[in-house]
1. Determine which single condition residue 194 fails, assuming it passes every other condition in (1) closer than 21 Å to residue 31 by Cα; (2) touching a strand residue (DSSP E or B) at 6+ places or on another chain (Cβ under 7 Å).
2. Of the residues 284, 309, which single one is within 30 Å of residue 261 (Cα to Cα), aliphatic (A, V, I, L, M) and in contact with a Ser or Thr (Cβ under 8 Å, 6 or more places away or on another chain)?
3. Does any residue in the range 156-170 that is surrounded by fewer than 18 Cβ atoms within 10 Å (Cβ to Cβ) come within less than 8 Å, Cβ to Cβ, of a residue that is hydrophobic (A, V, I, L, M, F, W, C) and not in a helix (DSSP H, G or I) six or more places away or on a different chain, and which pairs are these?
4. Can you tell me which residue within the range 140-161, out of those that are of a type in the set (A, V, I, L, M) and part of a loop (DSSP other than H, G, I, E, B), is nearest to residue 117 (Cα to Cα)?
5. Where the second residue is aliphatic (A, V, I, L, M) and in a helix (DSSP H, G or I) and the first is open to solvent by 50 Å² or more (accessible area, probe 1.4 Å) and lies in the range 187-212, which pairs have Cβ atoms under 8 Å and are six or more apart or on separate chains?
6. It is to be established whether one or more residues within the range 250-268 are touching a His at 6+ places or on another chain (Cβ under 7 Å), under 22 Å from residue 314 (Cα atoms) and either modelled with pLDDT of 95 or more or aromatic (Phe, Trp, Tyr) (or both).
7. Filter the range 112-139 down to residues that are open to solvent by less than 10 Å² (accessible area, probe 1.4 Å) and assigned to a helix (DSSP H, G or I), then give me how many there are.
8. Anything in the range 243-260 that is in contact (Cβ under 8 Å) with a residue 60 or more places away in the chain, in contact with a helix residue (DSSP H, G or I) (Cβ under 7 Å, 6 or more places away or on another chain) and not β-branched (Val, Ile, Thr)? List them, or say none.
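The values are calculated or read from the model by the stated rules, or taken from the named source; none is laboratory data. From a predicted model like this one, the values you see are computed outputs, not experimental measurements. Because the Cβ atoms are built from the backbone with ideal geometry, glycine has one as well, and the counts that use them run over all protein chains shown. Protein only, heavy atoms only, side chains kept; ligands, DNA and RNA dropped before computing areas. Shrake-Rupley method; radii C 1.70, N 1.55, O 1.52, S 1.80 Å.
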Amino acid sequence: MKKALEDIVVLDLGQIYNGPYCSLMLAYQGAKVIKVEPIKGENLRVRRKGDCHELLMLNSNKLGVSLDLKSPEGKEVFVELVKKADVLVENFSLGAMERLGLGYDFLSQVNPKLIYASGKGYGLDGPYADRPAMDLTIQAMGGVMATTGFADKPPVKAGPALCDFLGGIHLFGGITTALYHREKTGKGQLVEVSMHDAIYPTLASALGAYYSQGGKVSERTGNQHSGMATAPYNVYPTEDGYIAILCVADRQWKSLLKVMGREDLIEDSRFQTNVDRSANTYIVDEIVTSWTSEKKKLDIADALIEANVPHAPVNAIAEVADDPHLKYREMIREIEHPKEGKIKVPGSPIRLSDSPLKEVFAAPMIGEHTDQVLQELIGLTNEELQILRDKNVIRSKEQVIQKN
């Protein structure tokens with residue numbers, strides 16, 4: 001069965017999380033993604049001893065090419081690849097591609113149909129554009145840390161790399177939109193996504209409270225609703241851990257009261273509507289806590305499933321890593337890696353009924369497919385490849401095998 005992006009060739013210069021996640025989604029939709037790395041590999045490879053598992057999680061279904069873009073010969077080879085490509089993905093620091101002489105203005109002349117996708121911390125222009133950016137710095141600048149943690153404690157970063165991945169998936173959306181546009185016009189274009197831009201809409205609850213209350217708002221609300229506009233909405237203690245419970249509709253609150261055996265509060269004027277309950281958030285939390293603290297979290301979950309009240313036990317990372325639902329949904333995939341043996345990598349959260357993701361194969365070793373790609377795509381001969389190897393412009397499969 002033909003995949004949606006099966007005929008699309010992607011040059012992936014992505015590193016760490018942002019760019020690689022974008023290109024992973026392209027690969028999972030059938031694109032031929034060529035991961036182009038420096039001779040020693042991208043930054044994520046050296047985070048831990050050997051290829052760190054994060055890299056293995058984000059680079060499945062890609063071909064690996066190792067190429068020195070700082071050398072004249074390496075640039076020449078790369079330009080030839082660009083002529084054959086549909087998409088280029090990069091999330092280098094601002095100006096890095098231009099300093100290499102491989103910026104959008106130049107490459108769009110080399111290939112007018114090229115979709116050049118650039119993921120940046122703060123975008124290509126604006127007051128913050130020149131600032132160095134990583135997920136943590138965007139969380140700090142973008143309001144994530146201001147809204148994470150408890151009011152009487154310092155700001156806290158969100159645990160997951162939200163900004164990197166939100167930037168990556170927005171970049172994926174921009175690329176697929178640009179591909180659709182190219183079908184109509186025959187022209188490529190620059191696709192640009194700022195992590196800082198992408199995180200801004202996620203502050204809807206906090207910003208909604210800020211604007212509606214004339215700028216008076218508690219920034220860090222712990223596990224309560226960021227805008228303090230929904231109650232109950234919290235993480236409550238149990239005998240053996242914690243459970244998240246929230247009621248966004250009045251009927252859910254009434255169902256929760258029945259489960260708790262507190263039908264006496266159904267007609268209480270303090271809790272009639274969500275607005276009423278939000279004005280009495282701390283009293284609501286005391287009522288719910290007095291019930292949850294004497295029960296086990298899975299027993300509570302069973303009762304709330306039956307009552308159709310939104311909830312979830314707070315799972316540890318070990319529980320998430322072995323989650324039966326994620327396995328059923330094939331988001332946890334076990335595959336074979338030539339060095340690491342059996343490893344677990346993510347599947348795709350994007351599902352198309354006519355082209356499901358059937359095969360997931362391991363991330364490439366540094367330069368694993370260099371010879372194959374340069375022969376098939378731009379027609380280099382064995383002699384030409386050997387010359388490039390001798391000059392340390394490329395690293396190929398044989399060198400990877402010898403080193404390992």
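1. Every condition holds for residue 194 apart from (1).
2. Details: 284 fails: in contact with a Ser or Thr (Cβ under 8 Å, 6 or more places away or on another chain).
One residue alone meets the criteria, 309.
3. Cβ pairs passing all conditions: 157/144; 158/144.
4. From the range 140-161, those of a type in the set (A, V, I, L, M) are 140-141, 144-146, 151, 156, 158, 161; that's our starting set.
If we keep only those that are part of a loop (DSSP other than H, G, I, E, B) as well, we get 144, 151, 156, 158, 161.
On the way: 144: 25, 151: 39, 156: 31, 158: 27, 161: 20 Å.
Selected residue: 161.
5. Within 8 Å, the pairs are 189/178; 202/162; 202/166.
6. To start, the set of residues in the range 250-268 that are touching a His at 6+ places or on another chain (Cβ under 7 Å) comprises none.
So far as the range 250-268 goes, no, none of its residues is touching a His at 6+ places or on another chain (Cβ under 7 Å), under 22 Å from residue 314 (Cα atoms) and either modelled with pLDDT of 95 or more or aromatic (Phe, Trp, Tyr) (or both).
7. The qualifying residues number 2.
8. Of the residues in the range 243-260, the ones in contact (Cβ under 8 Å) with a residue 60 or more places away in the chain are 243-248.
From what's left, in contact with a helix residue (DSSP H, G or I) (Cβ under 7 Å, 6 or more places away or on another chain): 243, 245, 247.
If the condition is that a residue be in contact (Cβ under 8 Å) with a residue 60 or more places away in the chain, in contact with a helix residue (DSSP H, G or I) (Cβ under 7 Å, 6 or more places away or on another chain) and not β-branched (Val, Ile, Thr), then 247 is the only one that fits.
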